[in-house]
Amino acid sequence: MSLNWIDLHYDGVIYSKKNSKQIIQVHGKPILISNKNAKKNEQEMSTEFALQVMKAKWKPHGRYSVSMYFTRKDNVRRDLDNMATSVLDALVLGQALPDDDINNIRELHIYDMGVSKNNVGVSIHLDGDEE
């Protein structure tokens, strides 16, 4: 049996896509769009995860326990579950997970590691079923 796990990391502030929506007017009608900073953040995270996945020659298969360890830059109020959703979406885009549904994730652990001026970001541990 071989091990089916990987550790990934993203250095930087995690933006919540859910809390970063904007309402704009198009032809006099309101439309809800994603904030450009949140979209850029998702692209940066997914690119970083894709590079780590390629370097590790990671091929996801099976169901995973996902553990996320968030370190924040300040004490501004944030919703941890919304930050986790942004990271899960980036993991899928970066091909670390095929999808973030219950067919691929059997458990999810989210930890707030507090504030650090020098170590902001998220560390992720994906632990899969044994082969």
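Remarks
- Of all DSSP bridge pairs formed entirely within the stretch 5-128, close to 70 percent run antiparallel.
- In a simple Cβ point-charge model (Lys, Arg +1; Asp, Glu -1; nothing else charged), the stretch 58-131 has a dipole of about 480 debye relative to its Cα centre.
- Of the residues Asn103, Gly121, Pro30, the one whose Cα sits farthest towards the positive end of the charge dipole of the chain is Pro30 (charges of +1 on Lys and Arg Cβ, -1 on Asp and Glu Cβ, taken about the Cα centre).
- Relative intensity of the stretch 68-131 on a log10 scale, I(q)/I(0) at q = 0.13, 0.14 Å⁻¹, equals -0.39, -0.45, per a Debye sum over C-alpha point scatterers of equal strength in the absence of solvent.
- Gaussian network model of the chain, springs between alpha carbon atoms under 10 Å - residue of Pro98, Pro60, Pro30 with greatest fluctuation: Pro30
- Dipole magnitude of the chain about its Cα centre (Cβ charges: Lys, Arg +1; Asp, Glu -1), debye to nearest 20: 780 debye
- Folded to 0 to 90 degrees: helix 80-93 orientation relative to the chain principal axis, Cα: 70 degrees
- Relative intensity, log₁₀ I(q)/I(0), of the chain from a Debye sum that treats every alpha carbon as a point, q = 0.15, 0.20, 0.22 Å⁻¹: -0.72, -1.14, -1.32
- Rounded to 10°, Cα long-axis angle of helix 36-56 versus longest principal axis of the chain: 10 degrees
- Between Met54, Met68, Met83, the residue with the greatest mean-square fluctuation in the GNM of the chain (Cα pairs under 10 Å linked by springs) is Met54.
Throughout, read-outs are computed from the coordinates displayed, never taken from laboratory work. None of the values given here were measured: they were computed from a predicted structure. Neighbour counts are summed over all protein chains in view; Cβ atoms, including those assigned to glycine, are modelled from backbone coordinates with ideal geometry.
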